[in-house]
Each structure stands twice: as structure tokens, then as C-alpha cells.
Amino acid sequence: SLMLGRACPELDCELIFEAREWRAAYLVIKRCPPPPVPPRLGEMVEWVAGLGGYLGRKHDGPPGPKAMWIGLQRLREFVIALEARDALAGTYV
């Protein structure tokens, strides 16, 4: 996803990420309900990298594999937590 996100940032992120993953990322990062349309792949890569500690400052290079790995682990934890919450409430994000 990292290399594809750099090469084709305008692609739909659902080519790589499941809907529940990008919706969880959106909910955690933006603190509001996700839109019906998925974000671009480049945006999702930035979100995941941010969850992994990537700051994305003006002179920073692109996110590396360590930030992506940590971000993906954290994203998975958010998905699990939201699924547990929704199972108790009888809804889904």
C-alpha cells in the first residue's frame, strides 16, 4: 500500500483497505462520522503513517515502512474496538 500510495495517490483507497478500516481511521482521526465516499489512497496512507508516528512536516520525506507498520497495527486495534462497540450497540460504523 505504501508504494502504490506514492505512485497512484488518487486511487480509491478501497483497492487496498477494507471499508471498515478506512471508516475507523476517519472516525479516529477526524472525530466525526465517515462520509459515504472513501478517501483517496494517498490520503489514507498519510493517515495510517500518522497513526504510526509520521509527522508529515514540510521537509520530511515520505512515510517509511516503520511508521506504516505501527500505523497498520494501531488501525487494526481501532477496527477491533469499533466492531466490539458496534456489536454491543447493534450498529456498525
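Annotations
- Going through (1) among the small types (Gly, Ala, Ser); (2) surrounded by fewer than 17 Cβ atoms within 10 Å (Cβ to Cβ); (3) on the phi < 0 side of the Ramachandran plot one by one, Gly71 falls short only on (2).
- The criterion of being part of a helix (DSSP H, G or I) and more than 20 Å from Phe78 (Cα to Cα) holds for Gly5.
- Residue-level check: of (1) within 13 Å of the chain's Cα centre (by Cα); (2) at pLDDT 95 or above; (3) part of a helix (DSSP H, G or I), Pro34 misses just (3).
- Leu82 meets all of the listed conditions (1) surrounded by fewer than 17 Cβ atoms within 10 Å (Cβ to Cβ); (2) in contact (Cβ under 8 Å) with a residue 60 or more places away in the chain but one, namely (1).
- Any hit, region 14-22, residues being at positive phi and outside any helix (DSSP H, G or I): no
- The residues of region 15-40 that are surrounded by fewer than 15 Cβ atoms within 10 Å (Cβ to Cβ) and among the charged types (D, E, K, R), listed by number, are Glu18, Lys30, Arg31.
- Complete set of residues in region 53-93 that are among the aromatic types (Phe, Trp, Tyr), in contact with a Gly (Cβ under 9 Å, 6 or more places away or on another chain) and within 24 Å of Pro33 (Cα to Cα): Tyr54
- Residues within region 1-19 that are in contact with a Phe, Trp or Tyr (Cβ under 8 Å, 6 or more places away or on another chain) and not hydrophobic (A, V, I, L, M, F, W, C), tallied: 2
- Scanning region 22-52 for residues that are within 13 Å of Val79 (Cβ to Cβ) and touching a Lys or Arg at 6+ places or on another chain (Cβ under 8 Å) yields Pro34, Leu51.
The values are calculated or read from the model by the stated rules, or taken from the named source; none is laboratory data. As the structure is a prediction and not an experimental result, all values here were calculated from the model. In this analysis, Cβ positions are derived from the backbone assuming ideal geometry, glycine residues included, and neighbour counts consider all displayed protein chains.
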